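Q: To start, I am sharing the structure in question, which I have written as C-alpha cells.
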Amino acid sequence: PMVSTLDSPPQPEPNAKPGRTRRGDRRRSSERFGREDPTHIRTFVSINVARASSRLARSLPDGVRYAIADALGLLNYALIPGYRRNVRANLDQVHKGAGLPPVTNQDVRNVFLVSSRNWADLLVCPKRTEAQFRSDVEMDAESIANLDHALALGKGCVLVTAHVGAFDFIGHYLHAVGYPLVILTTRTTSRLVFDGVTYLRQANGLALVDANASGVRKALVSLHKGEFAVVVSDRDFFSNGISVPFFGRETTLPQGAVRMARDTGAVVVPIFG
C-alpha cells in the first residue's frame, strides 16, 4: 500500500481544499521517514565526519597528529574505566602466560596510545600515494620474497594477521605497492562509527568484504584468481572456532583462514606489522 501511494499521486477527498493532503497520507509519510531516513542520515553523517577528519589529519605534520592522538588516547584511558579494566585483564593474562613482569599502569596506557595512533594513521590513508606508503613502511627482503613467491604460485594466498601494530595501515601499504588484496572484516563498534571506519578502510580502492557467507564467497573467488585474502585471526567473532591454549588459558580461535586455504589450495602466509 505504501508503494502504491508513493507511485501514484493521492486522490483528493471530496470537497478537500487545494494543497491539503489527507491525514492518513501524512501519517504514512512520517512512518516512512522514521523507518528509512535515519539509516541514510547516519551513514551520511558518519562518512562525512570521517572525510573531514581525514582531510584535517592529512593537513597536520606527523608530530602534531601523533600528539593529538596521544592526548585523546590518554583521555580515553582516564574516562573509560571499563575498557581500562578489560585491557589490564588481557595484559595480565599475556604477561603471566609469557613469564613477563607484572603489568603496570604505563603498560595499560600504552595500549590506549597505540590504539589512538592507529586511528591517526588510518585517517591519513585516503589519497596517500605509493611513494608515501613506501617511505612510511619498511618490509624486509625475506618478507617481500615470501609474498612474491606466494603470488607467483598462482593458487592464491591467505594472509593471516592480527590486531597488532598499525594493521589497517599495513593493509593499505600492501595494496599501494601492488599486491591484490581482499580483506574480510566484521563490525565490532556501533554502526555510526563502523560506517566511517569502512569508508576510510576502503580508500584508494582497497577491497573490503563482510565476513559472512557472501563475503567469504567473494574472498574464495579472489583466491581462485591467484589473489590474496586477508583474515584477522586473533578473535573468534562468531564463537564457532576451535579450542586452543592461549597464553596459558583455554579459548577459541577462528579456523576460517585454514578452511579457505584447504578448499582452494592457497598457501598461508602470516604477516604482522
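The values are calculated or read from the model by the stated rules, or taken from the named source; none is laboratory data. All figures in this text were calculated on a predicted structure; none of them were measured in a lab. Heads up, the Cβs are rebuilt from the backbone with ideal geometry, glycines too, and the neighbour counts pull from every protein chain shown. Keep in mind that these areas ignore ligands, DNA and RNA; they rest on the heavy atoms of the full protein, side chains included. Shrake-Rupley method; radii C 1.70, N 1.55, O 1.52, S 1.80 Å.
Q: Could you sort 138-144, 112-118, 83-89, 61-67 so that the peptide with the highest average Cβ count within 10 Å comes first and the rest follow in order?
A: Output ranking for 138-144, 112-118, 83-89, 61-67: 112-118, 83-89, 61-67, 138-144.
Q: Given charges of +1 on the Cβ of Lys and Arg and -1 on the Cβ of Asp and Glu, with all other atoms neutral, how large is the dipole of the chain about its Cα centre, in debye to the nearest 20?
A: The dipole of the chain has a size of about 1320 debye.
Q: Trypsin sites (Lys or Arg not before Pro), restricted to segment 118-168: which are DSSP loop and have at most 11 other Cβ atoms within 10 Å?
A: Answer in residue order: LYS127.
Q: Testing the spin-label approximation: label points 7 Å from Cα along Cα→Cβ at PHE272 and ASP234. State their distance in nm.
A: Going by the 7 Å Cα→Cβ label model, 0.7 nm.
Q: Of all the Cα-Cα pairs you can form in the chain, what percent are over 33 Å apart?
A: Counting pairs separated by more than 33 Å, the tail of P(r) holds 37 percent.
Q: Please determine, in degrees from 0 to 90 and to the nearest 10, the orientation of helix 81-98 with respect to the longest principal axis defined by the Cα atoms of the chain, where the helix direction is its Cα long axis.
A: 30
Q: Let me ask you something else. Heads up, I need the accessible area for ARG217: 1.4 angstrom probe, whole protein in place, Å², nearest 10.
A: Counting only protein heavy atoms, ARG217 exposes about 140 Å² to solvent.
Q: Does a label point 7 Å from the Cα of THR188, set along Cα-to-beta-carbon, have any residues of segment 99-119 with amide nitrogen under 20 Å, and which are they?
A: The answer is 107-119.
Q: Under a Cβ-only charge scheme (Lys and Arg +1, Asp and Glu -1), can you give me the dipole magnitude of segment 159-236 about the Cα centre, in debye to the nearest 20?
A: In total the dipole reaches around 180 debye.
Q: Please get the size of the charge dipole for segment 42-112, origin at its Cα centre, with Cβ charges of +1 on Lys and Arg and -1 on Asp and Glu, quoted in debye to the nearest 20.
A: Taking the Cα centre of segment 42-112 as origin, the dipole is about 300 debye.
Q: Work through the residues other than HIS175 whose Cβ is under 15 Å from its Cβ and net out their charges, Lys, Arg +1 and Asp, Glu -1.
A: Around HIS175, the surrounding residues sum to -1.
Q: Place the peptides 254-262, 101-109 in order of packing, highest mean first, counting for every residue the other Cβ atoms within 10 Å and averaging per peptide.
A: 254-262, 101-109
Q: Round to the nearest 10 and give me the degree value, 0 to 90, for the angle of helix 141-153's Cα axis relative to the longest principal axis of the chain.
A: The two axes meet at around 60 degrees.
Q: With point charges of +1 on the Cβ of Lys and Arg and -1 on the Cβ of Asp and Glu, referenced to the Cα centre of the chain, which listed residue (GLY256, SER190, GLY73) lies farthest in the positive direction of the dipole?
A: So the residue we want is SER190.
Q: Moving to a separate point now. Have a look at the DSSP beta bridges in the chain and tell me what percent are antiparallel, nearest 5.
A: 25
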